[in-house]
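Engineer: One structure, pasted below without further comment.
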Amino acid sequence: MLLNDLRRAFRGIGTHPTRSLVTVLTFGLAIGVNSAIFSLVNAALLQPLPFEDPDRLVMVWTQFTQQDRLKGKLSEPELADLRQSGAFSGVGAFATQKLNLTGVGEPQQVSAALVTTDLLSVLGQRPAIGRGFLPEEGRPGGRATLLLSHGFWQRQFGADPGLVGRTLNLDGQPFEIVGVLPREGRFPDADVWVPLTLGATDPATRGAHYLEGVARVPATPERSQAELTALAARLQQDHPSFYPAGSGWGLRAVPLREEQTGEIRPALLVILCAGGLVLLIACGNIANLWLIQVWGRRKDLAVQVAFGATRGRIVRQLLTESLVMGVSGGLLGLVLAHWSLPTLLALAPADAARRMDVPFDLNVFVFSLAISLLVGALAGLVPALQATRGMAEMLKQESGRSSQGTASRRLRGALVMAEMALALLVVIGAGLLVKNLSKLYRVDPGFNVEGVLTVSLSLPATKYQTGPQVSSFYQELLRQVRSVPGVESASAVSHLPLSGQDYSGDFTVEGVPYDTATGANEAARRAIGPGYFQTMGIPVVAGRGFTEGDSTAVIVDELLARRFWPDGSALGKRLKLGKPDSEDPWLTVVGVAGHVKHKGLDAESRPQMYFPLSQMPRPEMFLVLRSASADPAVLAASVRAEILEIDPDQPVARIRTMEEWLGESLSRQRFATLLLASFALLGLVLAGIGIYAVMASSTAERTQEIGIRVAMGASPRDILEMVFRQSLAISLIGLGAGLGAALAFTPVLTNQLHGLSPLDPWVYTAAAALLLATALVATYIPARRTLRLNPNIALRRA
């Protein structure tokens, strides 16, 4: 019987090839987008991390609960405290930096993770080739060794298995390659791993936070968190100068999975829900098409009933046809999903895409098959049950019109109402994200992003061993690049806005009590070269910039100045780095600069203070240049040549415009917006098709009625009003339901919005108007067709 049903199903598909093709394509598009998104969700949220017992891995942060800052790094003494606490079965740590690779082709900058020698064992991983680090390699004077990441090994060395035992020059120092990391994991994400040499646990270094802690919990994360809380309380008692009472300082364990996917997780879940709504719209659309098709075959089905076929037998046959098209659409969706994955990964934030392996595995296949069967059943079962009701009466009725026909029209109208409601919900969500992204692009970052080129530089400590050597290199470099044709101005900064790099510390203001409770005495620190504010377009709102003679000068931003001197000028006031007992010299405020959105356009940044490069020389800097042309990228080749002329071994890395940095900082918002907007467009098209199908079917069924109205003197305008009145009633009811659903569910987008209400009336109004316009356009085509109807022919059909 199943084989007979399948044969009938394929015969039915062949009888109506156009309608069947539209159905399969609709299925394919809806299932394809959902399968593609599920692939990302599967990789980011469902696939287990490639570590041993990954659910027991956590990252440990210091936390200031009374501040906006949620996570802070560890110091070496704090790492030792964690290892001695017994809260974890293993504790490792790492820090990241840039190193210069020379001796292998052109000099290049590589990302390096300085890791404790036990980090691999804490993660529960083994090298793919070679061995891991030995404990003695992390002690002072230990042998210089390194591990290559699997990706870097393939890109740079062509996956040469004989590379183990050779040496690489990093920052002018030879390192022996002892192994290659496994392909999976990529955590910490760096080209090379180098043993971290931990110094003596000097109490003075307790405030030097630069390590990211990774730990393995022996039991449950909740129990480990309780032990961390107890440890934090002990540390506050033992070291009150570092952790003052009432400061809110503490230790926090965060699951590694959450750390890996925390930023992209909300966007993926929102997009997955939107994909599900589009799938439901497609179900309604296909159910409508299927109901129209089955209703046209009702007399043939009634004949089968007359010859002994039961209603259940007919329903099963129709359901088999729907499932065949559902599975066919699912197979097409798998192909579309596979093709679209590279595009999705290209749109995804670069750091999240780098960490994710997105296999098109059994999970994705099972998901696609399951939703294919589900939508096939949903789209086919209701029409089958509706069309097979009262079939014995159909043979007795010559016209074939009955109350069942009225019920069928009502069901089709209800399906379109549901489509309109779901489509409006998706369009409103997309409209909110589009408006939010547009608003973010209009946020003033505090500097002029146009016409600025940036270059990342990292001077090797073996070659530039002292602060004066570092300062001398950058002074000579700035002198050279300022003479390059097309360069209006040039400078350097230690931490570039929107780059993801930051550095902050405590400070004490003369004559102002040190605030231990709120963390107000903490600010970001920037070392800058001459002309930095001019080059970046940052306004100096009071005072002046730095001059060559400044040795104990500091420039603060407006946020810091308003916080400590709200009723007067900050100029001439004094502050020093560190807590009140710090022995650092007092610095005089010589200028106040505008506040810069350093972390991102949608995030608040700390108060900022700036120091002359000669006063705070740093090997890692960003060269910034303002171009006289509209495209600053044209300066890249000339700037590279100038750098190599000063030091042929100095790599030139990450040459980007500030507009590219801005775009990357908004990649998460742009990713969610583009995908949700694509789903909204698809939902809009499907809803329009649904309206068109219902109105076309309705006008065809009302041919006799329309013929009589025309024969009785109805004008074309009267006929159009009749058709549009029906369409408008269906649309308005659907839009009303959709608005109610949007009011209930769009608040879940609050975390995705920056300063925009999820109940924005303009977005709601525009979305409803767009859906209504789509419905009216979809109605116009069958409505125009009725005007060409010959009343004599219509009456003869009766």
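Engineer: Residue under question is SER340, and the condition is that it be hydroxyl-bearing (Ser, Thr, Tyr), modelled with pLDDT of 80 or more, open to solvent by less than 60 Å² (accessible area, probe 1.4 Å) and under 30 Å from GLY500 (Cα atoms); does it hold?
Structural biologist: When the stated conditions are applied, SER340 passes them.
Engineer: Which condition from (1) open to solvent by less than 30 Å² (accessible area, probe 1.4 Å); (2) modelled with pLDDT of 75 or more is the one that PRO266 breaks?
Structural biologist: (1)
Engineer: Just to be sure before I move on: is SER665 at pLDDT below 90, open to solvent by 10 Å² or more (accessible area, probe 1.4 Å) and among the polar types (S, T, N, Q) in the structure I sent?
Structural biologist: yes
Engineer: Can you name every residue in region 572-598 that is out of contact with any helix residue (DSSP H, G or I) (no Cβ under 7 Å at 6 or more places or on another chain), open to solvent by 30 Å² or more (accessible area, probe 1.4 Å) and closer than 25 Å to LEU496 by Cα?
Structural biologist: THR588, LYS597
Engineer: Next up: What number of residues within region 601-628 are surrounded by 16 or more Cβ atoms within 10 Å (Cβ to Cβ) and part of a loop (DSSP other than H, G, I, E, B)?
Structural biologist: The number of residues fulfilling the criteria is 12.
This table checks each residue for (1) out of contact with any Phe, Trp or Tyr (no Cβ under 9 Å at 6 or more places or on another chain); (2) part of a helix (DSSP H, G or I).
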| residue | (1), (2) |
| --- | --- |
| ALA630 | yes, no |
| ALA633 | yes, yes |
| PRO648 | yes, no |
| GLU659 | yes, yes |
| LEU662 | no, yes |
| LEU675 | yes, yes |
| ALA693 | yes, yes |
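Engineer: Restricting to region 496-536, count the residues that are in a loop (DSSP other than H, G, I, E, B), farther than 18 Å from SER582 by Cα and of a type outside the set (S, T, N, Q).
Structural biologist: Number of matching residues: 10.
Engineer: Identify all residues within region 93-114 that are open to solvent by less than 20 Å² (accessible area, probe 1.4 Å) and under 11 Å from PRO460 (Cβ atoms); write none if there are none.
Structural biologist: If the condition is that a residue be open to solvent by less than 20 Å² (accessible area, probe 1.4 Å) and under 11 Å from PRO460 (Cβ atoms), then LEU99, ASN100, LEU101 are the ones that fit.
Engineer: Being modelled with pLDDT of 80 or more and touching a Phe, Trp or Tyr at 6+ places or on another chain (Cβ under 7 Å) is the filter here; which residues of region 373-387 pass it?
Structural biologist: VAL375 - this is the single residue of region 373-387 that is modelled with pLDDT of 80 or more and touching a Phe, Trp or Tyr at 6+ places or on another chain (Cβ under 7 Å).
Engineer: If you check MET391 against the conditions, is it among the aliphatic types (A, V, I, L, M) and at pLDDT below 85?
Structural biologist: Yes.
Engineer: What are the residues in region 745-780 that are farther than 22 Å from LEU437 by Cα and not hydrophobic (A, V, I, L, M, F, W, C), if any?
Structural biologist: THR774, THR779, TYR780 - these are the residues of region 745-780 that are farther than 22 Å from LEU437 by Cα and not hydrophobic (A, V, I, L, M, F, W, C).
Engineer: Regarding region 452-472, can at least one residue be identified that is closer than 22 Å to ASP602 by Cα and assigned to a helix (DSSP H, G or I)?
Structural biologist: Checked against the condition, which is being closer than 22 Å to ASP602 by Cα and assigned to a helix (DSSP H, G or I), region 452-472 yields no hits at all.
Engineer: Another question about this same structure. Considering only residues that are surrounded by 15 or more Cβ atoms within 10 Å (Cβ to Cβ) and either more than 36 Å from the chain's Cα centre (by Cα) or not β-branched (Val, Ile, Thr) (or both), which ones fall in region 540-561?
Structural biologist: ALA542, GLY543, GLY545, PHE546, ASP550, ALA553, VAL554, ASP557, GLU558, LEU559, LEU560, ALA561
Engineer: So, in region 269-283, how many residues would count as being open to solvent by 10 Å² or more (accessible area, probe 1.4 Å) and either of a type in the set (Gly, Ala, Ser) or touching a Ser or Thr at 6+ places or on another chain (Cβ under 9 Å) (or both)?
Structural biologist: The total comes to 1.
Engineer: With in a helix (DSSP H, G or I), within 30 Å of PRO716 (Cβ to Cβ) and either modelled with pLDDT of 90 or more or open to solvent by less than 60 Å² (accessible area, probe 1.4 Å) (or both) as the only criterion, which of ALA737, ALA741, ALA766, ALA778 stands out?
Structural biologist: That would be ALA778, the only listed residue that is in a helix (DSSP H, G or I), within 30 Å of PRO716 (Cβ to Cβ) and either modelled with pLDDT of 90 or more or open to solvent by less than 60 Å² (accessible area, probe 1.4 Å) (or both).
Engineer: If you go through region 682-705 one residue at a time, do you hit one that is open to solvent by 70 Å² or more (accessible area, probe 1.4 Å), at pLDDT 80 or above and on the phi < 0 side of the Ramachandran plot?
Structural biologist: Among the residues of region 682-705, at least one is open to solvent by 70 Å² or more (accessible area, probe 1.4 Å), at pLDDT 80 or above and on the phi < 0 side of the Ramachandran plot, which makes the answer yes.
Engineer: Determine the pairs where a residue that is of a type in the set (A, V, I, L, M, F, W, C), located within region 739-759, has a partner that is surrounded by fewer than 18 Cβ atoms within 10 Å (Cβ to Cβ) and outside any helix (DSSP H, G or I) with Cβ atoms under 7 Å apart, the partner being 6 or more residues away or on another chain.
Structural biologist: LEU743/LEU759
The values are calculated or read from the model by the stated rules, or taken from the named source; none is laboratory data. The model shown is predicted, which means the values in this text are computed figures rather than measured ones. Here the Cβ is made from the backbone with ideal geometry for all residues, glycine too, and neighbour counts use every protein chain on show. Remember, those area values only see protein heavy atoms, side chains included, never the ligands or the DNA or RNA. Shrake-Rupley method; radii C 1.70, N 1.55, O 1.52, S 1.80 Å.
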